[in-house]
Structures are given as C-alpha cells and as structure tokens.
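Shown next, in structure tokens, is the structure this report addresses.
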Amino acid sequence: MRRFGLPIGLVLLTLVLVLARLYDVQVREHRVWASEAAALERSETILPHTRGAIYDRKGRLWVADEVRYELEFVWRDFRRGHPLGNLAALRSLLDASPVRLSEAAHDAGLWAEALVQLTPQGIRDFAQGKEASGGRWLQVGALPEEGRKERARAERRPARAAAVHFYLQRLLGVTGRERGALRQQRSDRPDAPYLELVARVRQGRGELLAEVLQRTRMALRTRIDASLQRLEFFAYAVDWTDLWDPNWGPVKPEPGVLLLEVLERARREAEDAAADRLFAAAAGFRAGRLSAGNLSKLDLGWLRRCVYWDEPRLAEWIVSRGNGWVEQVENVLAGHVFARFKLKTGRAPADRVLDALAHFFAAPEVRPIPGLPVDSFWESFRELEVLEQLPLAVRGGEDLRAADLRRVLPLEERALRRSGLVGLDLVAEALWSMQDMDGGPSWAGAEAVNRTAEELIQLAERAGAEWQPGELEPIEDVLLAWDDLLQMRIGAVLGSLPQPVAFSSGRLRGALEARNHVVKDMDARPRSFSREPSMELVHLVGRYPADFAGFQVRSVTDRVPVALSDWARKVRGGEYQEPRTLFQEGLGLVRSPQLVKQLEQRPDQIELDLLQNKLELQPSDERRIYEITAETFHSGQAVGSSGIEGYLDPELSGLNGYREVMGLQEQSSSGRPALFRPPSDGKPVTLTLDTSLQRAGEWVINHPEPAPAGDSRPDDSWTENPVGAVVLMDVEGPILCAASAPLEPGLVTGGADGQAAFVLERTLRQPGFHPAGSIIKPLVAAFGLQFLGLDPNAPRVVCSHYTERGKPGWGKVDCHSSAGHTLQAKALLGVADMTLSKSMAVSCNTYFAQLGETLFDGDEFHDLFRIFGLGEPSGVRSLPLSDRRRGGLREEYRVAKNEPFTPIDRQRLANGLVEISTTPVAMGRAYCGLATGMLPEAQLIAKIGGRSVLREPRPLGIDERHLVTVREAMLGVTDQRGGSAHDKGLSEADLGFRFVCKTGSADYVPGFVPPYGGEFRRGASQELVEGMRKHTWVAGWFPAEAPRYVLVVYVHDTATTSSHSAVFVASQFLREPAVQQLMAEARAEQAQAASGETEQGR
Amino acid sequence: MRRRGFFGRIFSASNVRWSEVDWHVLFVALMLLGTGLVFLWAMDAAEGESMRLAGGVNFAGHRQKMLVTLPLILAGMFVRPSWLRANAGWIYAGCLGLLVAVMFIGDERNNARRWIQLPAFDLQPSELAKVGLVLMLARLLASNRLEEPKDWIAPLAAAGVPMVLVAGQPDLGTAMTMVPVTLGMLYLAGARARSILGLVVCGVVLAFGARQAGMVQEYQWKRVETWAATYEPDGLLALKTGSGYHLYQARTAIGNGGAWGRGLGQGVANGAGHLPERDSDSVFAVIAEEAGFYGAAGLLVVYSLLVILIMLSASALRDRFSRLVVGGVALYFAAHVFINVSTNIGLLPMTGLTLPLISAGGSSLLATFLALGLALGLGSHHDTRLDSDAFQSY
C-alpha cells in the first residue's frame, strides 16, 4: 500500500468535494434549475386572435380575416436538395467564388458529367492545395507550391473538400443506405471517379459494371434535365407582375430566366447576411457602421474565404455595407429616432431629442431599454459603438491612444453637459458645437442650426406617432452629419495602424468558430418569394416537396375586403369598371402596429419573460401573463388605422390567447402546470349600409349620366370628373348608402380646387367650406312657423330694389330670377304674391332673405341649428362604447360663430350661404327630422358582437302642423311648373313613387364659369369667364305620403346650379334597381301593415 | 523451442493468471459500461425524428463502436508485460507520431484538427496518447526514483511533448488531463509530495505569466473567466445565451434532477435536446438529471470504487513497471471522471472530455478498453518473489 494511500485519500477527498458540489446543485439549487428546465422544455405561444368581420345590414360579408398562402424560398434547402443548387454549390466550392445559378443551368449537363469524374484522391489532392480535374469542363488550379498546406488551410480547402463529397452524393442521389457502402468504395478505390463508385455500390449480382455505369449516368442526366424542366414549369406558373423589378434590366426576360434571377438574389441576400454576422462577430459591431472607405482599410480576406467569395463579390459587399448607414438613416433610422422622441415623456423634449440621437451611436449594451424609466442617457453617454470596439477588434488596437478614441460627437463635449442649457438652446448648442470639430457639417450655419434644432424640438413635442413625408429631414441631417464626424475619426484611427488592418487573432478565432453555424443559420432563413402564389404553385410545392426543394408554403392572415363595387357595368368608353372595395374610405384600413407602440411594449415583454421563467405562479402572476399576452402585438398583427376599422378597433380586435406546451408535463413531478387560454376573437360588426344600395350609390356618383340633351346649363366637365357624395338614410337614422366620388386619386379635372385628386369619404367630411345653400330653406321655414309667427299664406313683396349688381333683390341678396319674382308680379298684377309655398317651389332667395332679416333676431339662427342638429356631431361616432380614445372614422362639423348675427348675415343665412358649413350626412339627418318630426342620430353601425347599438330619435320640437305646411310647400319643387326640380326626372311618373325634395346651390370658390346668364353649349367651344363656382345639393325624402328614406345628393365644385346638376344625379340614383327594390319592399311592408290593421279593425 | 510469431511475441493468453485477475474491477467496469448503454439507449429512444435528422444520439452506432473496440480489453490483458516494458518507448513514439500526423491528415472540425478518419469510427489520437504516456512514464520511472533534480527531466519532458501537441490541436482539456496522471505517477514513483506541490505552484505561476505575456488565447482565457463568473446560479443565468451556454444547459439538467431524478429518458436534456454533446462530454449531466443526486452520487462512488480497486491491485504488484502502469491507469480513470464531472457541475472550467466507459465515442472507448485491459492483465501478475527479474519468467 506504500505510495497508494495518498492517491486513494485524494480520490476519496475529491469524491467528497464533488458530492458536496453535486448536492449544492441538485438539492440546494434545485428550484432554480428546475424552473429553468421547465422553461426550456416549455414552449410558449401567443395564439393570435381573429379580427372581427364586418357585415352589411342584411348580414352580407364585407370584410374578414382570411388565411392565404405565401411562397417562401430557403437557399440552404435549394442548395442541398435541388440538382441545380448542388451544381452551383459544387462549382462555388471548387472555384471559391459564387457561381451563378444561371451559369449552372446553362451548362448543367456538362458540369454534372465533369463533376462526377472527380475521384476521392482528386478531392484529397484538392484539399491539400493541389489541382483537381474533372475533364475539360472542370479544372481547379493548384496553389503555389511554397507553403501550399498553409495556404490550403487558409483557403479552407479541407472543409471545402468535405463539402464536395457531400454535394456529389446529393447530385448522384445517393441514399442513406448506400452511403456506408460508398464510403468503403472510396477507401478501396481512391482513384476511381465518383460516378463509378456509385455505380459499383448499385451494382447487383450478375450485373456488368459497364451497364450499371451507363444506367447511373443516365439517371444523373435525367435527374438534372427533369429538375430544370420542373423549374421552367414552375416559373411559368408564377405571376411575375409584382416580382419583376424594372431596375433589373430594360427587357423583362423569360420566366425561366427571371426565376433564376430571383433565386440568385435570395442567395446573395443569404450570403450577405452571413458575411454581416461573421464581420460583427469579429469586429464587435455591424459592418454598416463603417463607410466603404473605412471598410476597405480592413483585411477582409478571411471573410471572403469563409463565404467562398472572390474579390469582386467582396468589393460589392463592402460598397453595399458602406452605404448602409445612409440607406438606413433614410429608410429606418430616422423613423426610429422619431419614435424614440415619443418615449420617456417625463423627460424634457430637448433631452428626449438628444437621448434618441445618442441611442444610435452608443454601444448596444449601454442602450436603455425603451419604456423603462431612465433618468438620463445622453448626459452619461460614454461609449461610441465602433470606437469602443476597435482596440479589441483589430491587431495593434491595444496600442491606440485614448485620445484617438474620444470626443467625436458633440454630445460627448463636457462643456455641453455642464452648460446648464435647456430646451431649444441645448439642442442648438449640441448641433452648433459640430462647427468646432473637424469635418463639421457644411449645413450647420447659425440659421440652419437654429432651424434644425427648432424642428427637432417640434417633432418631439408634437402629439401623434406618425410622420409625414419629408418631415424627418432634420433628423436625417443630424444623423448623417454625426456619422461623418465618426467616420473621419475612425478613418484616422485605422490609418494609424499597419495597412491593411488585420483583425485580432482572438476575435477572428471566435468568428471562424462560428462560421458553420452562421452560414447555416443565414442560409436556412426563409425569404418571401411570392405573396400571392397561385393554387397551382401551392399544390406543386406542398405535394411534391422533393421536386421543388428550397420552396415552402406558409399560411398568413390578411384582412380582405369581400364586398366590391359593381364590376359588371361598363363605364363610358365601353370598359368594365375595375372592382373596388365598397365604402373603401369609410371602412378604412388596417396596418401594422406603430413603432412607438411596439417599443412601449418592451417593458411588458421583459416582465413576461420573468413570469414565464417562474417555477411557481401565483394567481396574480397568471392573470398578468394573460393580460400581457392578450394585448401583445404578434407578428403580422393588424390594427385598425382609419375609418370604421380604426374607430371600432377595440371591438374588432380580440384578445390573443396563450398556450404553454410542456414537453414532459405528465411525468414531471416539479414545475408548474402549463397555462392555456384560448384567444378571444374580435366582435363582428354589422353596418347599417346595404350592399346593393351602396353599390348603386357609388356607381351613380362616380359615373353620373350627362344632363339631358335639352338642359340649358349642363356642366359636362363635372360629369366627366365627378366629385361629390350620395347619402341615403332611413328616417330613423341608419345610413343605407354613403357613397363618395372620386374613387381614383389624381385625375385632372376642370374643378377649381383640385379636390378630384383626393379620394375622401365625403359624406361625413367637408374639405373646404360647404355651405348648405337653399336646402336649408325648409328648415328656416319650419323654424319660422313654429317660433317666429311666420304666416305661410301671407304674400310678401320681397324684391324691394335692384342690388349693386343690377339685379332685383332684398338687401344684399339677389333674386336668382333675372327679372325678380315679386317685381314682375307687382308690375303685372299690382299685388305681391310670394307665399311660402311659391317661394319654396322656385327657391326664392329674396323671400328667405327677408324672412331671415325681419323674422329672426341675432341669436335665433343658433337655435335653428341646434334643433336640426347642424354644427354638431351627427351621431356616427356617438356609440355607447368604452372610454378608450378612438381614431379612425372622421366626421367634420363646423360650429357657427358664437355671437349674434347681423342683418346681412341673417339675409344670407336663411339662404344657406354663410356660416353654416355642413355635410351630406348632417343634412340628411336634418331632413329626417323634417320628414318625421323626430331628429335621429345618423348611424353607420347597427350591431357590435350581435348586440344592437341603434339609438332612438329625439323629438324635433316643431309641431306636426307646421312641418306638414313645409312638406306641402316642398311638393312644388318637383310638381309645379317653375319649381327648381320640375321636369328633372324626379316626378312620380319618372320614379314610380313620389319624391319630396329641395334643391340648393351655394357659391364656393372663384373659378371659371360660363358668362353670367349665358348657356353652356354642348360640342362648341365656349369662352369661360371668371365667376363663382358652386356646391349644389338635392335633399328630400320618399315616399312622400309616408316618409321612409331620406336622400341627399351633393355635387362639389361645379359651374352650374343644382337644377342642372344635382337633380339629375338624384334622379339617376332613385331610378337604380336597388332603390326601386327598396321601395317595392317598403310598399310590401306597408301593405302588410295595412292588412294587419284591417284585420285588427275587424 | 518453438519460435513465436509476431503476435505471439506480443500477446499470450496462457500467461494470464486467471485466478489472480481482479474480477471485481472487471465487474465494476462492466457495470459502468452497462449503465452507459442504458442511458444512451434511453437518449436515442427519447429523441424525436427532427432531432435525429439533425444529428442526434445514435445508440446503434455506439453499440457498433463498442463491439469493435471491446476486444481491446483482451488485447490489454494478453499483452506480454516484458514486451510492453521493452516497447513502451515505441508505443509512446507511435502515439506522438499519430499526434503529429493528425496535424496534417486530420479532419478539421470546428476549427480543431483532432480526428483521423477510420472506416468504423474517427480516431482521436490524443485519447491513445494518454495510454501511451502512462506506459512511457512507467517505463522511465521504473528505474528512476526521482531523487535528483535531473531525474525529473526525462519524465517531465515525456509528459510535456504530448501535452503540447494536444494543446496545439487545440484541445487544452485533454492536455490538462495528462497533468494529474503525470503528477500522480511521479508520486507513485517516489517523488515527495512537497516536490509535487512545488511543481503545481510553478505550473500555476507559469500559467499566470503566460496569460500576462499574452500567450494564452483569448477564447481559452474567456473559458476561465466564464467559469469564475458562472459558479453561482445568477452569474450563469446572466450568461446563459452567451459564453455560458453549454455550462447553463449542463447545470440546468443536473439541477433539474433534484434528489431522486426525473426517470430514465425523461430529463429536459433529452426532452428539449439543447444540451450539447449530451452523449459524450455531457453524459454525466443526463445521468444526474434522470437518476437524481442519489443516482449520480452512486455512480461517482462506483467510479471511485473502480479507481481504488485498480490502485489496490497496483499496490499489490511487486514489479515496479507494472505497478506504475496499473497505477497510471487508475489515475487516468480518476482524472477523466473527476474532471468530466467537475466541469459539468461547475467546479472546473468547461472542457471537452469523455466519461470513461459511459460516453459514446470510438476513440474514448478504444483507449478506455485498452487501459482497462492493461490494468486487468498486468494486475494479475502478482509475484511473491522479491527479485527484480520476476518478469523474466513470463
């Protein structure tokens, strides 16, 4: 035992030590590690909710989430699984340069023949730096004899040789079972070509080698030919409309060529991404942080060899990465900086500006996590990402002087930190101090600096998380200028080192160790190939994955509008109308969550990570996990951004579910139960709109018929480029049709204000001043009758004199008849005869001007507006919903000035010419009140989640007898000769039912119109003169005897009056089959109700 | 007298004293071998198809390698001690030759050149070099009691050469296992404990100096830094997705086992499949997780028993060369086991080293079986005679 006692003792002592530590880890720390283990074997998934669908009033689907397929391309799978990928990879490995797929496809057969002639010995020679040959088509040169082995190792030839074996086997379709036998053949016959080795493996008993060899060769040829043909077929099945980028070349090539180009680009992306990662591993920062000039100073031969590039390809990468900062600033970073302006709102705007700018120059590990409270960042900002890393990253970096590595950005100036400046002064000083630095920006003159600082502060102070084009320019300017400063300093630092600057061996080793993993990772990332592949493509890829190696299908959810405009009708010129989403602007759009919102969720995500890793969860923890995951944005999530999608986003959005999968749950004695909560889908929303009526409305307002041939003052330029709206409402408030024109932006028009260039929802909005014109007259009359003692039958002399413009009129208001209705009557008959009904029929401006001035006092028009709901929200956004702040659906209303109106104001107000600017929906609502005596709230939403949200109308506060007087007076508009809509296609004979309405025209903006009193002449050129362009209206209800529906037509920016424009649109709409059907249904209901009453009477 | 052939000069079954073979050692070793087979089978069975395609545990492959290498136990047992003593230098030189050869013909994987491709498995010469070193040191120390300083030069040089070659592959972990084997054999040969301690102190000072002089690779030093930073759970959790990834996965699996373990094939190391090298270098983590503290402790006790039994067997040998070889084999097992386990539980920096008799890996099995065979064979040659020519009779 001599001499063995101590070793045995040491063994026992070590055993005790190890057991003690084991006890520590397994028993004392068990809870910690069990919790970690549970997290490792548990996979957490946020189960996305489905956004609520939108239906029309009859339950017809308008918008819904729809799962679609997307085609993706994975370069690694293609490289390994497709013969063309095998060939390109083999040549790239042997040549150490990226061989294009198109080259491989061109000579595929010859290359394959040559490659399979390689022998194991030849490949071994290649690995050692000697030449390799596969006949005429394949010659790989030897490396120089001196230091050949080292050079071969540096060129990664041994690794490349191993990969060559792999791809040759793939190319020849060697199965797993054949692989072992092939290995034996390789060692037995190192000088035999690969093709022969495989043939020997496949040789059956009694078969001649020559036969098997021939068979194997044929199989290879067939395999390659078939794979190329399949690719060609695949290419023809692809819709290249959106995939082809004209920048790729002047002529769009054949689909097969195009396919190879797209795949080649995917491959280059993968290679670039791998090179980026390897560079970052060696340098400690991204390649994009260096300019192309500075990147060129580095020795990047190792990178080229890692990804098998040649020098030109490396140079391309350097240029693309060198311009990366500039591109990123313009495409991404400026937006990110802006988003960071909106975080940490407790900080002063100037500090937020500097924090956000500093963020993108700081080393990642010192950057604060967005959303977490950080008192100061720029004040303590010390570490510039690149300069911090250079001493570690490059050879000789440790000798760099500290002075070379400091004071690059103004933020680092001690004087600025201690200046005590705040607000604008602080930001201006930060920018101004660049002047004193080498390479300070040329734009930084005093004035430009102050302006930029001011703009930055304004951006930080402004509410709202989105920006307009061009608004981020000041941010871009500063980021680029600071980067210039940084690049100059980096350039000087790199210039002081031996050229080319080599990476430090430690860092390089780390990057090389990661090489295989990085290349595999980047090559294996799917890249989108086609967002909307045909079902044929989906079938091919899904059903025959081996034949289409590299392609894969995944499902994604889209928000899809289902209800489309009337595509079956021909527009002028005989073309069919391109189908469009119904009520497009009103429904609105969905978009990805805003960047600011995503950044704001980071603290929640950190909290979620912590909770998920807990071994045991309290009920409050579980609740919190569900809370966070319910509203966490997931990839591809859509949020409503405008229209109803935006307004009802809280209701349409559901809550995400959450599922944990515990791999070994059943057997686990430790850990916690897996959590599960299903997603709660968004609520369906039912609109009040009717598909057929909406379709009809959109058709009519976008394709108005020209005025009849006999019309004296048609405005054909408006009918060719219409701007306007049609609203059809149920008298109780639900809107059945809300159609706007135009639906296409950017059309040139003869209009004065260019509104034809904008696609807007015009039934609820009023771009510019939208006076109601004469359609306000029935409201004035009803108010006068109820409250001001207006005698409807008392004749009035209202044209008291000739106005300044030489026309008969009252006060400042002209009679629209050139002779003046009452002056004519008085001259002819000696009596004044303008009663309410007569004035209403001919829309006598002076009658109502007199009413306004003499009956109304300074405040009574305010009461009129209030009673008829003008100057207030119409109700479309007044749903009884949660208090959450809502965007989306926009409605505009203008409140009249809050002071007594002057007599002249009142003359004009009674004619709807000043003060009161309104929308078609608001006027429709007022007419509902006039037609029924009850003022409803305009409504677009009938049900949310199956529950009705319709609201009851409120009494108008005007006696029915007065309303009847007005309604009867309005009958003359269409029925009386001289009525403003008489013989305009709105009679009962034209429509099949009686339509009660009022026309209205109001001056809008100065523009070109026909000469005053002149007439348009179709087909003849006509001198237009400067005059007032108009809005024209028709508002009324039907059927006259029992009002059910209110129609408002609005014509924007026309040269003519309502009687020559809006009336025809109204007539066209009311003659539409959908409206006729509506009336038929109304009549049927009425008849049913009547028979029911009769039954009851009996 | 009949002339012996080539193999006859090296091997002889008739010379093994079957009655004196330490069957306890063989029994314990087979027990460990069986344990390894069971756990590797469970690993393979627990793997999903996707993990298998990604290159997971291959039980069938392990079984095949074991069948190929198992005869080496017999080869070790039947080798003639006299031949072994006479040719220890050549064996050692052969091992060094392989270590040099691997630099040129070896397969490069993960930026290390450690393997030579063979039909049945890939040979890792550094594993054989450890056995070669034991034989060489035994040969040198058989007649060297280390009384003079110059007596230390040859054994230290003999140990230094393979250590440098292996460290240059680079495989610092394997190189470091040669240190305790060398120091232990020096002690068994007669070196004073104080001298050994002094050598250790010198080694530490040299290592520190090398670090200061920048001779230690950054990644190697980083492993040491990572180890120091990750001893406590918080430190390891902070680095779990970075440099502490492997440590974290191993420690999580071990800690998750608790006192009683999670059951065969039921560990997170198998279930999640994140633990690197779980069938070789980290196999102890899998066993500790599935067998728990008591199971893992039992395994360590069995390993210690194996080591002690081999040492006891060695201590009973009269022949100095045999005693040193068998003692060296015990040290080889002890170093492998305790370094492997210590790296997994955080007592030592992470390094790649197999657990003898249990881990998968052809080279490891080959070297382990050969060493075990030598321990059994040489250990059976107990001789009651006190003269130094006792071996002459074999």
When only alpha-carbon atoms count, how far does the stretch A:478-551 stretch along each of its three principal axes, as whole angstroms with the largest first? 60, 37, 15
How far is helix A:777-787 tilted off the main Cα axis of chain A, in degrees rounded to 10, range 0 to 90? 60
Taking the reciprocal of mean 1/r across every pair of different Cα atoms in the stretch A:752-812, the Kirkwood radius in Å is 15.6
Sequence ranges A:1061-1068, B:123-130, ranked by mean other-Cβ count within 10 angstrom, highest first: A:1061-1068, B:123-130
Expected field for A:ASP715, accessible surface area in Å² at 1.4 Å probe radius, rounded to 10, holds 10
Rounded, prolate or oblate: pick one for the stretch A:882-938, where a ≥ b ≥ c are the square roots of the eigenvalues of its C-alpha gyration tensor, a/c under 1.5 means rounded, and failing that, prolate if a/b is larger than b/c, else oblate. oblate
Can you give me the relative contact order of the stretch A:205-338 as a percent, contacts being Cα pairs under 8 Å and 6 or more apart? 17
For the charge dipole of the protein assembly as shown, defined by +1 on Lys and Arg C-beta atoms and -1 on Asp and Glu C-beta atoms about the Cα centroid, which residue among A:VAL198, A:VAL723, A:GLY470 has the Cα displaced farthest towards the positive pole? A:VAL198
Could you give me D for the stretch A:12-142, from Stokes-Einstein at 25 °C and 0.890 mPa s, where the hydrodynamic radius is the Kirkwood radius over C-alpha pairs? Units µm² s⁻¹, please. 112
What's the angle, to the nearest 10 degrees (0 to 90), between helix B:362-379's Cα axis and the longest principal axis of chain B? 40
Give, to the nearest whole percent, the P(r) tail of the stretch B:286-333 beyond 16 angstrom, counting all Cα pairs. 48
What ranking of B:ASP122, A:ASP239, A:ASP857 comes out by heavy-atom accessible area, probe 1.4 Å, highest first? A:ASP239, A:ASP857, B:ASP122
Calculated SAXS-style log₁₀ I(q)/I(0) at q = 0.22, 0.23, 0.24, 0.25 Å⁻¹ - the stretch A:521-602, Debye, Cα scatterers: -1.06, -1.10, -1.13, -1.17
Once normalised by the length of chain A, the mean sequence separation of its alpha carbon contacts under 8 Å that are 6 or more apart gives a contact order in percent of 13
Dipole in debye (nearest 20) - chain B, about Cα centre, beta carbon charges: Lys, Arg +1; Asp, Glu -1: 1100
Calculate the tail of P(r) for the protein assembly as shown: the fraction of all Cα-Cα distances greater than 44 Å, expressed in %. 63
Does anything in the stretch A:118-162 have its amide N under 17 Å from the 7 Å Cα→Cβ label point of A:ASP191, and if so which residues? A:118-126, A:131-135
Dipole magnitude of the protein assembly as shown about its Cα centre, charges +1 at Lys/Arg Cβ and -1 at Asp/Glu Cβ only, in debye to the nearest 20? 6760
Rank these residues by their accessible area, most exposed first, probe 1.4 Å: A:LYS812, A:LYS777. A:LYS812, A:LYS777
Output the peptides A:139-147, A:550-558 sorted from most to least packed, where packing is the average of other Cβ atoms within 10 Å over each peptide's residues. A:550-558, A:139-147
May I ask you to order A:91-104, B:178-191 by the average number of other C-beta atoms within 10 Å around their residues, highest value first? B:178-191, A:91-104
As I understand it, the dipole of the protein assembly as shown uses +1 on the Cβ of Lys and Arg and -1 on the Cβ of Asp and Glu, about the Cα centre. Which of A:VAL519, B:ALA334, B:GLY36 lies farthest toward its positive end? B:ALA334
Note, the stretch A:729-738: 3J(HN,Hα) by Karplus (6.51, -1.76, 1.60, θ = phi - 60°), whole Hz, Gly/Pro = x, goes 10, 6, 5, 8, x, x, 8, 8, 8, 9
With the contact rule set at Cα under 8 Å and sequence spacing of 6 or more, what percent relative contact order holds for chain B? 27
Kindly give Rg over Rh for the stretch A:457-611, based on alpha-carbon atoms, with the Kirkwood expression for the hydrodynamic radius. 1.11
Accessible-area ranking of A:ARG160, A:ARG623, largest first, probe 1.4 Å: A:ARG623, A:ARG160
Run the accessible area of the protein assembly as shown with a 1.4 Å probe and give the carbon-and-sulfur part as a rounded percent. 54
Let me confirm one metric for peptide B:34-42, namely the mean number of other chain beta-carbon atoms within 10 Å of its residues' beta-carbons. 0
State the volume of the convex hull built on the alpha-carbon positions of the stretch B:96-182, expressed per residue in Å³ and rounded to an integer. 93
Label-point separation in nm, A:ARG886 to A:ARG677, each point 7 Å along Cα→Cβ: 2.4
If you take the square roots of the eigenvalues of the alpha-carbon gyration tensor of the stretch A:223-284 and sort them as a ≥ b ≥ c, do you get rounded (a/c under 1.5), prolate (a/b over b/c) or oblate? oblate
Roughly what angle does helix A:423-432 make with the longest principal axis of chain A, taking Cα atoms, 0 to 90 degrees, to the nearest 10? 50
Using only atoms on other chains, find how many Cβ atoms lie within 10 Å of each Cβ of peptide B:254-266 and report the average. 6
With T = 25 °C, eta = 0.890 mPa s and Kirkwood Rh from C-alpha pairs, the Stokes-Einstein D of the stretch B:227-303 in µm²/s is about 198
Quick one: accessible surface of A:TRP467, probe radius 1.4 Å, all protein chains present, in square angstrom to the nearest 10. 100
Need one value for A:5-12: mean number of C-beta atoms belonging to other chains within 10 Å of its residues' C-beta atoms. 6
Among A:LYS897/A:LYS998; A:LYS520/B:LYS130; A:LYS597/A:LYS897; A:LYS58/A:LYS1030; A:LYS943/A:LYS984, the pairs whose Cα-Cα distance exceeds 32 Å are A:LYS520/B:LYS130; A:LYS597/A:LYS897; A:LYS58/A:LYS1030; A:LYS943/A:LYS984
What percentages make up the Cα-Cα pair-distance distribution of the stretch A:180-258 when the bins are 10 Å wide from 0? 16, 28, 18, 15, 18, 5
Would you kindly calculate the translational diffusion coefficient of the stretch A:261-358, applying Stokes-Einstein with the Kirkwood radius from alpha carbon pairs, for 4 °C and a viscosity of 1.567 mPa s, and quote it in µm² s⁻¹ without decimals? 85
Rounded to the nearest 10 Å², what accessible area does A:TRP378 show when all protein chains are kept and the probe is 1.4 Å? 10
Within the P(r) computed for chain B, what percentage of the Cα pairs occupies the region above 34 Å? 29
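The values are calculated or read from the model by the stated rules, or taken from the named source; none is laboratory data. Bear in mind that the values here come from a model prediction, so they are computed numbers and not experimental data. Counting neighbours? That spans all protein chains shown, and the Cβs are built from the backbone with ideal geometry, glycine included. Please note that ligands, DNA and RNA were not included when accessible areas were found on the heavy atoms of the full protein model with its side chains. Shrake-Rupley method; radii C 1.70, N 1.55, O 1.52, S 1.80 Å.
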